[in-house]
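Only one structure is covered here, and it is reproduced in the block below.
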């Protein structure tokens, strides 16, 4: 287990089975898999104030995916696939971000995501993994 000092939720140390860096598509899937399928105690540190990763940060005019929208759909839930309809074959950024937010809401992912939080510079990758780094509130 990793001991992490949270600046967002509490000043007490919390024990986690896993810590995930980033609430993009991979981070959200990892959170869902570890928490909901394996019943682990998991937290996500996200620098932004919302989910979506690349699709949260890159909001320039004309941004869109370069693969068919269906490839952005999570396949772990048939219900999720049935309830979402992509408007275009190659979805624009706002629609992909809307989908990411829909997934976060549908699976209650936000409750285990600490937004506006980044890890301060660890001395090595293993330091981040084993809890020598402390999260801090992001500054913009």
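Condition check: at pLDDT 90 or above and under 18 Å from residue 35 (Cα atoms). Does residue 113 satisfy that?
Details: at pLDDT 90 or above: yes; under 18 Å from residue 35 (Cα atoms): yes.
Here the answer is yes, as residue 113 does meet what is asked.
Can you tell me how many residues in the range 31-56 are within 26 Å of residue 90 (Cα to Cα), surrounded by fewer than 18 Cβ atoms within 10 Å (Cβ to Cβ) and at pLDDT 95 or above? Qualifying residue count for the region: 1.
What number of residues within the range 20-29 are buried (at least 21 other Cβ atoms within 10 Å of the Cβ), outside any loop (DSSP other than H, G, I, E, B) and touching a strand residue (DSSP E or B) at 6+ places or on another chain (Cβ under 7 Å)? The total comes to 1. Screening the candidates 62, 22 for the property of being on the phi > 0 side of the Ramachandran plot and modelled with pLDDT under 95 yields one hit, 62. For the range 72-85, a residue qualifies if it is surrounded by 11 or more Cβ atoms within 10 Å (Cβ to Cβ) and free of Cβ contacts under 8 Å to residues at least 40 places away in the same chain, and the qualifying residues are 73, 77, 80, 81, 84.
Suppose the filter is surrounded by 17 or more Cβ atoms within 10 Å (Cβ to Cβ), at pLDDT below 95 and assigned to a loop (DSSP other than H, G, I, E, B); does residue 123 pass it?
Details: surrounded by 17 or more Cβ atoms within 10 Å (Cβ to Cβ): no; at pLDDT below 95: yes; assigned to a loop (DSSP other than H, G, I, E, B): yes.
Taking the combined requirement at face value, the residue does not satisfy it.
The values are calculated or read from the model by the stated rules, or taken from the named source; none is laboratory data. Here the structure is a predicted model, which means the values were calculated and not measured. Positions of Cβ are backbone-derived with ideal geometry, glycine not excepted, and every protein chain shown enters the neighbour counts.
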